[in-house]
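Written below as structure tokens is the structure these notes are about.
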Amino acid sequence: MEIDDLDDEELAFSRNYFLAKELGGSKKKSSRKLADIDVVDEQELRAAAAKIEPKHEKEIAALIASYKSLYSKWEFELRCGFGLLMFGFGSKKALIEDFASTALTDYSVIVINGYLQSVNIKQVIVAIAEVLSDQLKSRVRNASGSTSKVHQPFTSRSMDDLFSFLNGSNEEDKDCFVCVVIHNIDGAGLRDSETQEYLARVAACSHVRIIASIDHVNAPFLWDKKMVHTQFNWLWYHVPTFASYKVEGMFFPLILAHGGTAQSAKTATIVLQSLTPNAQSVFKVLIEHQLSHPDEEGMPINNLYAISRERFLVSSQVTLNSHLTEFKDHELVKTRRHSDGQDCLYIPLPSEALEKLLMELG
């Protein structure tokens with residue numbers, strides 16, 4: 001009886017399914033499109049989101065306090081050669097930066113914002129090498145009172161040479177290392193396999209220690225067994241903060257929102273604030289030229305160099321090229337050919353956004 005009842009139920013289900021499909025197919029389809037939705041301005045949507053009152057503040061404060069009690073342990077683990085990997089719901093940016101500014105004051109710290117759309121890994125490794133070089137020179141100077149020999153600039157060295165320097169072989173300098181903080185090591189700018197392999201090689205260097213965060217559910221698939229256990233040598237810490245991804249989310253458009261002039265200027269300002277003052281000043285020169293010459297294809301690189309050198313913003317063409325590489329990596333400037341054959345630089349923002357950006361930088 002039970003089997004017969006089950007067969008009747010399945011038959012009824014099948015009949016109803018095909019009946020529903022038949023009735024559904026006979027109805028008139030909607031002509032509405034997603035593009036017809038009247039989306040709100042992104043700035044308004046972010047402003048509304050910012051007004052949402054936080055909840056469970058006492059519980060979250062107690063949670064953060066419990067993480068801070070681990071600072072001395074984390075610092076010891078870094079000295080022992082481990083990498084720290086923070087995961088869990090909520091932005092870990094403030095927590096990691098507080099740890100670095102509180103417990104890592106005896107070390108040099110470099111911060112990489114992996115949530116940016118593009119990150120130049122060669123420049124990152126060069127920056128780490130330069131910081132380590134300054135540390136080693138300072139140690140030699142304090143010990144002997146003399147300065148070390150001038151070496152080939154790191155920017156012109158190969159990746160293998162850079163890794164060789166970061167790995168070091170001098171036993172006396174084994175306790176000298178640079179701490180590298182990577183916010184969102186699984187971010188868009190670092191997610192490709194080649195970049196992850198370079199980061200793993202950096203982490204394996206004797207003069208480098210890594211503190212990183214992840215947020216993507218599939219982040220562990222970025223690494224193989226060797227990278228996890230031998231190169232990064234991760235110690236995993238579950239540290240949910242329930243904090244807003246306000247900064248990280250600034251570089252991604254919100255759902256059902258379109259970006260406006262103010263949003264474009266604000267995003268560019270945040271990116272520029274991560275660059276040096278001289279780089280910001282060079283970018284100002286580009287803005288001023290583009291606003292005063294709106295009908296031109298852009299600013300010739302030679303003209304930019306001449307003005308930047310005149311204002312003591314750069315000392316050589318190499319320095320300017322370094323700034324331009326940063327601008328291009330962050331998609332702040334683009335290049336196009338002038339009618340006379342010269343390569344020109346232009347900022348892909350409307351005049352209103354440029355004026356607002358100039359005010360922000362000013």
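The values are calculated or read from the model by the stated rules, or taken from the named source; none is laboratory data. All figures in this text were calculated on a predicted structure; none of them were measured in a lab. Backbone-built Cβ (ideal geometry, glycine too); neighbour counts: all protein chains shown. These area figures cover heavy atoms from the full protein model, side chains too; ligands, DNA and RNA do not enter into them. Shrake-Rupley method; radii C 1.70, N 1.55, O 1.52, S 1.80 Å.
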Restricting the stretch 160-191 to residues that are closer than 20 Å to MET86 by Cα and not aliphatic (A, V, I, L, M), which is surrounded by the fewest Cβ atoms within 10 Å (Cβ to Cβ)? ARG191
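One residue is enough: does the stretch 240-250 have a residue meeting the conditions in contact with a Cys (Cβ under 9 Å, 6 or more places away or on another chain), in a loop (DSSP other than H, G, I, E, B) and surrounded by 14 or more Cβ atoms within 10 Å (Cβ to Cβ)?
Narrowing the stretch 240-250 to residues in contact with a Cys (Cβ under 9 Å, 6 or more places away or on another chain): none.
No; the residues of the stretch 240-250 include none that is in contact with a Cys (Cβ under 9 Å, 6 or more places away or on another chain), in a loop (DSSP other than H, G, I, E, B) and surrounded by 14 or more Cβ atoms within 10 Å (Cβ to Cβ).
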Looking at (1) within 22 Å of THR155 (Cβ to Cβ); (2) in contact with a helix residue (DSSP H, G or I) (Cβ under 9 Å, 6 or more places away or on another chain), which is the only condition GLN290 fails? (1)
Condition (residue is buried (at least 17 other Cβ atoms within 10 Å of the Cβ), touching an Asp or Glu at 6+ places or on another chain (Cβ under 8 Å), under 30 Å from GLY114 (Cβ atoms) and of a type in the set (Gly, Ala, Ser)) applied to the stretch 270-282: is it met by at least one residue? yes
Condition first: open to solvent by 30 Å² or more (accessible area, probe 1.4 Å) and in a loop (DSSP other than H, G, I, E, B). Now tell me which residues in the stretch 99-111 satisfy that. THR105, ASP106, TYR107
Being touching a Leu at 6+ places or on another chain (Cβ under 9 Å), open to solvent by 80 Å² or more (accessible area, probe 1.4 Å) and either touching a residue at least 60 places away in the same chain (Cβ under 8 Å) or on the phi < 0 side of the Ramachandran plot (or both), is that true of even one residue in the stretch 213-225? yes
For residues in the stretch 112-155 being crowded, with 19+ Cβ neighbours inside 10 Å and assigned to a loop (DSSP other than H, G, I, E, B), which is modelled with the highest pLDDT? GLY114
What do you reckon, is LEU63 in contact with a Cys (Cβ under 9 Å, 6 or more places away or on another chain) and either modelled with pLDDT of 95 or more or in a loop (DSSP other than H, G, I, E, B) (or both)? no
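Checking the conditions here, which among PHE82, PHE87 is touching a residue at least 12 places away in the same chain (Cβ under 8 Å), among the hydrophobic types (A, V, I, L, M, F, W, C) and closer than 14 Å to ARG209 by Cβ? Talk me through it step by step, then tell me what you get.
Numbers: PHE87 fails: closer than 14 Å to ARG209 by Cβ.
Residue meeting the stated conditions: PHE82.
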Looking only at the stretch 311-321, how many residues end up being farther than 14 Å from PRO277 by Cβ and surrounded by fewer than 17 Cβ atoms within 10 Å (Cβ to Cβ)? 5
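Specify which of the listed residues (LEU70, LEU132) is touching a Cys at 6+ places or on another chain (Cβ under 9 Å) and hydrophobic (A, V, I, L, M, F, W, C).
Values: LEU70 fails: touching a Cys at 6+ places or on another chain (Cβ under 9 Å).
Just one listed residue meets the conditions, LEU132.
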Given the criteria among the small types (Gly, Ala, Ser), under 26 Å from the mean Cα position of the chain (by Cα), modelled with pLDDT under 80 and within 30 Å of ALA103 (Cα to Cα), does SER244 qualify? no
Counted residues, the stretch 194-212 - those being open to solvent by less than 10 Å² (accessible area, probe 1.4 Å) and part of a strand (DSSP E or B): 4
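What residue, among those in the stretch 290-310 that are of a type in the set (Asp, Glu) and touching a residue at least 12 places away in the same chain (Cβ under 8 Å), is most open to solvent (accessible area, probe 1.4 Å)? Reasoning before the result, please.
As a first pass, look at the stretch 290-310 and keep what is of a type in the set (Asp, Glu): 295-297, 310.
Of the ones still in play, those that are also touching a residue at least 12 places away in the same chain (Cβ under 8 Å) are 296-297.
Working: GLU296: 77, GLU297: 61 Å².
For the stretch 290-310, the residue satisfying everything is GLU296.
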